[in-house]
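Below: one structure, written as structure tokens.
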Amino acid sequence: MAHDPHGPRLPAARGPVSAAVRAHLSGTGPLPADETVAAASPYGDDLQLALYLCYELHYRGFAGVAPDREWDPDLLRVRAALEHLFLTALREDTPVHASVDEALADLLVEPAEGAGVSHFLSGEGERWQVGEYAMQRSLYHLKEADPHAWVLPRLSGRAKAAMAAVEFDEWGGGRPERVHAQLFADLMTDLGLDTAYGRYLDVACAETLATVNLMSLLGLHRSLRGALVGHFAAVEITSSPGSRRLAEAMRRTDAGPAAVHFYDEHVEADAVHEQVVRHEVIGGLLADEPHLAADVVFGLDVTGFLEDRLADRLLAAWRRGESSLRPAPRDSTGDGTAARPESERLRVP
């Protein structure tokens, strides 16, 4: 198998499972034993990074890793075991609504006293915290809408047409400079961040990896198509008000015009998308396949569950005046030297 010179560098391992998966991908060691995988914490750094490594092979891969690894049967077996641990934990831990209508109704109501990340950043967040938020979110936003595209071949009729229309908007409506992933890269440039795909994987926390892994998990399994639609709906419904607050945060911290524009764009676009997703994507899917209603509810609710875990992690660190980022590994510069801590760099005026 020929190695692929493109893609981001493989990140540093975070435990025995991710170390073994990393070694397998680089051709330097065996995959983890079954008992090693079974002992991993479902939400922990080790399992989440190992799962991210497996999923990323379906997107842009990693430098030095053969493209054929995407369908490596032994690796897929390990991935299935990791997915089972993660999905089982999510099903056990996520409080779910009784119906799609109830889940949607709760999402459509903004709490009077908001306490989430967007509230914090808009009201009191500092420039370095805005930068850290962008670094964490870059793992998704630099491939924005891509994980949800996996569901398109699994839909039909109204649901498929509406989902494709929303995705077309996310990909810039045919204009490359308006692709949302590009708009986020422009935001990162305004903040003085590196826009390279996967650049901040090493410093992203496990809670961030879990939110991205969830999209890939739901998208890559036809059996979970209802949950993927629910996830997409949850993202679109909550995006517009959250983006309005994040645009305020960008203005207040003088993040730059592209940073403001990214969230202003989502305020307007996602307000429209929310209506389309609720009435046409969910409505069309359940008209065709009413038995998927419970899966849609799970997708709606599990999205909030993992987003709340991430918010708790970020806000707990920031309120202590500490970085939410993991320490950069020694060789993350690529030359074997110690990397300057990202949190330290971001705090420099």
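General remarks:
- Within the stretch 12-33, residues that are touching a residue at least 12 places away in the same chain (Cβ under 8 Å) sit with their Cβ atoms under 9 Å from residues that are among the β-branched types (V, I, T) and open to solvent by 30 Å² or more (accessible area, probe 1.4 Å), at 6+ positions apart or across chains, in these pairs: P16/T36; V17/T36; A20/T36; R22/T28.
- Scanning the stretch 17-36 for residues that are surrounded by fewer than 23 Cβ atoms within 10 Å (Cβ to Cβ) and either under 19 Å from E207 (Cα atoms) or hydrophobic (A, V, I, L, M, F, W, C) (or both) yields A19, A20, A23, L31, A33.
- Check on E167, within 24 Å of V297 (Cβ to Cβ) and among the acidic types (D, E): yes
- Test: residue in the stretch 277-292 that is within 30 Å of Q129 (Cα to Cα) and assigned to a helix (DSSP H, G or I): no
- The set of residues in the stretch 280-294 that are more than 12 Å from A103 (Cα to Cα) and touching a residue at least 24 places away in the same chain (Cβ under 8 Å) comprises E280, V281, I282, G283, G284, L285, L286, A287, D288, E289, L292.
- Any chance D194 is modelled with pLDDT of 95 or more, over 23 Å from L310 (Cα atoms) and open to solvent by 30 Å² or more (accessible area, probe 1.4 Å): no
- Complete set of residues in the stretch 263-297 that are modelled with pLDDT under 95, among the aliphatic types (A, V, I, L, M) and more than 23 Å from L214 (Cα to Cα): V267, A269, A271, V272
- Of all residues in the stretch 298-345, those being assigned to a loop (DSSP other than H, G, I, E, B), at pLDDT below 95 and hydroxyl-bearing (S, T, Y) number 3.
- Candidates A287, A258 - the one that is open to solvent by 50 Å² or more (accessible area, probe 1.4 Å) and of a type in the set (A, V, I, L, M): A287
- Contacts under 8 angstrom Cβ, first residue in the stretch 255-277 being within 21 Å of A165 (Cβ to Cβ), partner aliphatic (A, V, I, L, M) and open to solvent by 30 Å² or more (accessible area, probe 1.4 Å), 6 or more apart: V276/A165
- Residues located in the stretch 179-207, provided they are part of a helix (DSSP H, G or I), more than 21 Å from L218 (Cβ to Cβ) and touching a residue at least 24 places away in the same chain (Cβ under 8 Å): L183, F184, A185, D186, L187, M188, T189, D190
Okay, residues lined up against (1) in contact with a strand residue (DSSP E or B) (Cβ under 6 Å, 6 or more places away or on another chain); (2) closer than 22 Å to R222 by Cβ; (3) surrounded by fewer than 19 Cβ atoms within 10 Å (Cβ to Cβ):
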site	(1), (2), (3)
M135	no, no, no
D146	no, yes, no
L155	no, yes, no
R158	no, yes, yes
A161	no, yes, yes
V166	no, yes, no
E170	no, yes, no
P176	no, no, yes
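The values are calculated or read from the model by the stated rules, or taken from the named source; none is laboratory data. Because the structure is predicted, anything quoted here is derived from the model rather than measured. Cβ coordinates were reconstructed from backbone atoms using ideal geometry, including for glycine residues, and neighbour counts include every protein chain displayed. Only protein heavy atoms, including side chains, enter the accessible area calculation; ligands, DNA and RNA are left aside. Shrake-Rupley method; radii C 1.70, N 1.55, O 1.52, S 1.80 Å.
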